[in-house]
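Here is the structure we will look at.
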Amino acid sequence: MTKLTAIFCCLWIAGTAIVAAGGERLFNAKDYGVVGDDKTDNTEAFSACLDAVIQEGGGCMLIPDGVYRGRIIIPGTKEWITVEIVGESEPTPVFGTIGAFPFPKNGTIIKCLSETGAAVISAANTPEKLCFSFSGANVSLKNLDVRTYDNPGISGIDLKHAAQCKLENVFVNTDRYNVQASKPTHGTAGIITPACNNAALTILRNVIVTGYHSGILVNEHTDGDNINLASNVNGLEFAFANHASRFGRVGAQRCTRSVTVTGKHGFCIEQLDMEIAGHGQTDKDNKWQATDFNIYDPKNLGIGDINYWVVEGNVGAVGKFTRNGGEHIRARRIGSPPTDRKHDTQNAQQDGAGQAPSRPESK
């Protein structure tokens with residue numbers, strides 16, 4: 001029996017919130033009317049449980065396995081508190097570059113089919129704030145499968161109004177195998193981290209995002225590792241930030257742009273592993289998943305270091321690397337000298353609106 005399963009057994013026996021050995025208060029969402037039948041709108045029931053968490057000064061909302069319709073809206077708070085939302089079991093990520101696979105219905109799945117409005121999981125923008133636009137909540141999300149629909153009009157997880165966050169074992173998707181995903185046209189993001197001037201803590205571990213316009217909208221103080229982004233227009237989108245961000249290993253498969261910069265942002269990516277679609281691996285429905293640029297920073301707002309590797313479908317590892325702008329981003333293929341950034345940028349800009357010329361690393 002796992003520790004989490006043991007906790008759930010205790011909750012089911014007690015029927016109310018209990019105090020764990022470490023002093024943390026645990027709340028079973030089902031005790032507040034949540035139903036995982038893939039039909040019931042659980043928005044109000046989730047809110048009732050989270051209101052209890054807030055009133056107790058923080059704690060953990062535990063959600064048993066099931067498919068839960070509705071939104072999770074984390075209330076604002078003027079106090080420093082931790083709000084954990086934890087699924088019963090770790091999700092099964094479904095992503096790839098070929099084939100077609102159905103999505104499983106096991107695990108803790110939070111699903112919203114609304115066309116407009118808040119993200120599936122969001123931190124509320126309310127008068128109850130710690131400072132600026134931020135709630136005092138340190139939001140921790142674990143073991144969750146967060147779903148919308150093909151070409152979603154809403155985001156998956158939006159924590160821009162939270163002070164801090166930690167995501168671990170989280171799969172954000174559009175309920176469709178990424179190779180079959182339609183081009184995202186609504187500008188939504190799989191994950192939005194706490195906005196600039198937050199309380200200096202954003203941690204992402206074992207996170208997968210598929211099928212959104214931007215996989216992860218990165219604000220400041222972000223530290224990520226074991227991240228995978230498949231079939232998003234922008235894999236990582238770096239917005240304006242005063243403080244730098246760090247990523248360990250990031251995978252980007254079939255993203256139109258692996259890294260996009262839309263605001264001045266300092267960052268490093270220790271290993272950016274990309275797979276671009278090979279000959280015959282796209283069709284009229286998913287041709288948007290052919291990579292235009294590995295780095296897209298036409299205004300030269302990024303200041304960064306990237307170690308990268310590129311694989312082409314049906315070919316293998318290749319020396320191709322394309323960019324538009326990114327004059328202040330040092331990129332080097334693993335095992336190679338640094339890229340001649342000026343030469344690379346000039347060629348990409350001369351190419352205009354289309355594909356920048358692919359070529360081996362400059363020597």
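The values are calculated or read from the model by the stated rules, or taken from the named source; none is laboratory data. Remember, predicted model here, so these are calculated numbers, not experimental data. Don't worry about glycine lacking a Cβ; one is built from the backbone with ideal geometry, like all the others, and counts go over all protein chains shown.
For the range 270-285, the set of residues classified as surrounded by 18 or more Cβ atoms within 10 Å (Cβ to Cβ) and in contact with a Lys or Arg (Cβ under 8 Å, 6 or more places away or on another chain) consists of D273, E275, I276, A277, listed by residue number. In the range 57-75, the residues that are closer than 15 Å to G33 by Cβ reach residues that are charged (D, E, K, R) with C-beta atoms within less than 6 angstrom, at least six apart or across chains, in these pairs: P64/E88; R69/D41; R69/K111; G70/D41. Residue count for the range 296-327 under the criterion of being assigned to a loop (DSSP other than H, G, I, E, B) and polar (S, T, N, Q): the result is 3. Any residue at all in the range 39-53 that is in contact (Cβ under 8 Å) with a residue 60 or more places away in the chain, touching an Asp or Glu at 6+ places or on another chain (Cβ under 8 Å) and crowded, with 17+ Cβ neighbours inside 10 Å? No, there is no match, as no residue in the range 39-53 is in contact (Cβ under 8 Å) with a residue 60 or more places away in the chain, touching an Asp or Glu at 6+ places or on another chain (Cβ under 8 Å) and crowded, with 17+ Cβ neighbours inside 10 Å. Restricting T92, T97 to those that are among the β-branched types (V, I, T) and touching a Pro at 6+ places or on another chain (Cβ under 7 Å) reduces the list to T92. Within the set of pairs 6 or more residues apart or between chains, which connect a residue that is more than 22 Å from N178 (Cβ to Cβ) inside the range 243-262 to a residue that is aromatic (F, W, Y) and part of a loop (DSSP other than H, G, I, E, B) with Cβ atoms less than 8 Å apart? These pairs meet every condition: T262/F240. Can you spot a residue in the range 25-34 that is at pLDDT below 95 and surrounded by 12 or more Cβ atoms within 10 Å (Cβ to Cβ)? Looking through the range 25-34, at least one residue is at pLDDT below 95 and surrounded by 12 or more Cβ atoms within 10 Å (Cβ to Cβ).
Looking only at residues in the range 144-158 that are more than 21 Å from P102 (Cβ to Cβ) and touching a residue at least 40 places away in the same chain (Cβ under 8 Å), the one that is farthest from the chain's Cα centre (by Cα) is I154.
Check the range 82-103 and report whether any residue there is touching a residue at least 24 places away in the same chain (Cβ under 8 Å), of a type in the set (F, W, Y), under 21 Å from I192 (Cβ atoms) and assigned to a loop (DSSP other than H, G, I, E, B). So far as the range 82-103 goes, yes, one or more of its residues are touching a residue at least 24 places away in the same chain (Cβ under 8 Å), of a type in the set (F, W, Y), under 21 Å from I192 (Cβ atoms) and assigned to a loop (DSSP other than H, G, I, E, B). Are any residues in the range 190-244 part of a loop (DSSP other than H, G, I, E, B) and in contact with a helix residue (DSSP H, G or I) (Cβ under 6 Å, 6 or more places away or on another chain), and if so, which ones? Selection gives G211, S231. When D150, D175, D145, D158 are screened for being of a type in the set (D, E, K, R) and at positive phi, only D175 passes.
Among residues belonging to the range 147-179 that are among the basic types (K, R) and under 15 Å from N198 (Cβ atoms), point out the one that is surrounded by the most Cβ atoms within 10 Å (Cβ to Cβ). Result: K160. Restricting to the range 99-128, name every residue that is among the acidic types (D, E) and under 19 Å from N151 (Cα atoms). Result: E115, single match. Working only within the range 90-129, note down all residues that are closer than 23 Å to N226 by Cβ, buried (at least 19 other Cβ atoms within 10 Å of the Cβ) and aliphatic (A, V, I, L, M). Result: V94, I109, I110, A119, V120, I121.
One line per residue, one yes/no per condition, for (1) modelled with pLDDT of 95 or more; (2) polar (S, T, N, Q):
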{"position": "A124", "(1), (2)": "no, no"}
{"position": "S140", "(1), (2)": "yes, yes"}
{"position": "V146", "(1), (2)": "yes, no"}
{"position": "S155", "(1), (2)": "yes, yes"}
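When the criteria are applied in full, E84 meets the requirement of being among the acidic types (D, E), within 18 Å of the chain's Cα centre (by Cα) and at pLDDT 95 or above. Taken residue by residue, the range 231-251 has at least one member that is buried (at least 22 other Cβ atoms within 10 Å of the Cβ) and under 20 Å from K111 (Cα atoms). Checked against (1) outside any strand (DSSP E or B); (2) surrounded by 15 or more Cβ atoms within 10 Å (Cβ to Cβ); (3) modelled with pLDDT of 95 or more, G76 passes all but condition (3). Sort through Q164, Q180 and tell me the only one that's more than 15 Å from G224 (Cβ to Cβ) and not acidic (D, E). Within the list Q164, Q180, the selection yields Q180. If only residues of the range 335-351 that are assigned to a loop (DSSP other than H, G, I, E, B) and surrounded by 12 or more Cβ atoms within 10 Å (Cβ to Cβ) are counted, the one that is modelled with the lowest pLDDT is D351.
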